[in-house]
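A short write-up of the structure that comes next.
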Amino acid sequence: MSFSDLASRLQHIAPFHVMELAKRAAVLEQQGRHIIHMGIGEPDFTAPPAVVAAATQAMTEGKMQYTSATGLPALREAISAHYQRVYGVEVAPARIVVTAGASAALLLACAALVEKDAEVLMPDPSYPCNRHFVAAFEGRATLIDSGPEHRFQLSAQMVREHWSAATRGVLLASPSNPTGTSILPGELAQIIEVVRQQRGFTIVDEIYQGLSYEGTPFSALSLGDDVVVINSFSKYFNMTGWRLGWLVVPEHLVPAIEKLAQNLFICASSIAQYAALACFTPEVIALYEERKAEFKRRRDYIVPQLQRLGFTVPVVPDGAFYVYADCSAISDDADQLTIDLLEKAGLVLVPGLDFGPATARRYIRLSYATSMENLQQAVARLEHYLATR
């Protein structure tokens, strides 16, 4: 065997097209082009001053050693209190594992729960890395066509109909990337019950849960202690590059997750953990809520503008900062459309190709995690592109 012989699992992991577009955009920017980025899902807000100050203080005080693999006890307690305050759910701090971002949380969950050749059900469209996390542990992600009539989400009936002898569980996201749509609480409760009846696992990615714009705040943790929930400091808390997230698991799984975390990651960044303690003060939460309101204002601007320009938005997003728009009235090839928009209009958007075959050619994803000024300029560029092509 030579170093050119790569592991066969790589055959099941596709490139992330949004990153390829971002690389091309960087080349154009180096050539002097002005590019408006609406591709990568990263808030244009950064960590609040109090969070940065807490990181600085931690470094000044020399708090830069390893922490427990499960995270700082004070941070686990703060997250627990946050669930009680926002969602009215009691989650024991002992069930919370602090991780190196939500990606590490998903890797740990899949490492603990996904056997070789085990099947995991998830909607099509869905975040591509989710299926690749399953593939990394030699499981098989089974994508189920979940169109706008289902809010681009799985239903209990779908799970029941697609469950097979090989199925081990489901991996959901609410609100979802790329669609910004949530699973209605009643439907999610039914999905979890179907999975329970099959003695499987339910993993719910809630990294955008803090950016839900409609209804009463809701977490899948209110539906039982057997649900595995992923969350992150990246989106609502505006700490993308800090690489900090968390995982909530049933109590009996904590030793297994801790053992995996010790071996795979040692621990999450100690500095990021000390900084995150400042996220939960009333003053900082108030700032986050103001930023959330600004995201909603952007959504309420961009959706009607896209519809005016000929895109169809079959389900208005109720969370996150994405719009999943049907572009079939404009182009029969969403991938080529995003390339043209980058080259000719200086706009970065993402083709449905990244998110599964069912919507690959018809849909594009737009991130409105950018300034209102950029969104207005993007609409003007879109309008010019459509009028002159």
Note down all Cβ pairs under 7 Å where the first residue falls in the range 177-194 and is part of a loop (DSSP other than H, G, I, E, B), the second is aliphatic (A, V, I, L, M) and open to solvent by 10 Å² or more (accessible area, probe 1.4 Å), and they're at least six residues apart or on different chains.
-> THR179/VAL315; THR181/VAL315
Of all residues in the range 40-71 being in a loop (DSSP other than H, G, I, E, B) and among the β-branched types (Val, Ile, Thr), which is nearest to GLU251 (Cα to Cα)?
-> THR70
Scanning for something closer than 30 Å to MET239 by Cβ, of a type outside the set (S, T, N, Q) and surrounded by fewer than 20 Cβ atoms within 10 Å (Cβ to Cβ), does the range 319-335 turn up at least one residue?
-> no
Within the range 116-131, restricting attention to residues that are out of contact with any strand residue (DSSP E or B) (no Cβ under 7 Å at 6 or more places or on another chain) and farther than 15 Å from PRO357 by Cβ, which residue is modelled with the highest pLDDT?
-> LYS116
Given the structure, is VAL120 more than 30 Å from TYR368 (Cα to Cα) and either surrounded by 21 or more Cβ atoms within 10 Å (Cβ to Cβ) or not aliphatic (A, V, I, L, M) (or both)?
-> yes
Is it the case that some residue within the range 274-285 is among the aliphatic types (A, V, I, L, M) and in contact with a Pro (Cβ under 9 Å, 6 or more places away or on another chain)?
-> yes
Could you count how many residues in the range 222-249 are open to solvent by 10 Å² or more (accessible area, probe 1.4 Å), in contact (Cβ under 8 Å) with a residue 60 or more places away in the chain and in contact with a strand residue (DSSP E or B) (Cβ under 8 Å, 6 or more places away or on another chain)?
-> 1
Looking only at residues in the range 72-120 that are of a type in the set (Lys, Arg) and either in a helix (DSSP H, G or I) or in contact with a helix residue (DSSP H, G or I) (Cβ under 6 Å, 6 or more places away or on another chain) (or both), which one is nearest to GLY200 (Cα to Cα)?
-> ARG95
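The values are calculated or read from the model by the stated rules, or taken from the named source; none is laboratory data. In this text, all values refer to a predicted model and were calculated from it rather than measured experimentally. We place every Cβ from the backbone using ideal geometry, glycine too, and count neighbours over all the protein chains shown. Side chains are part of the model used for accessible areas, which takes the heavy atoms of the whole protein and leaves out ligands, DNA and RNA. Shrake-Rupley method; radii C 1.70, N 1.55, O 1.52, S 1.80 Å.
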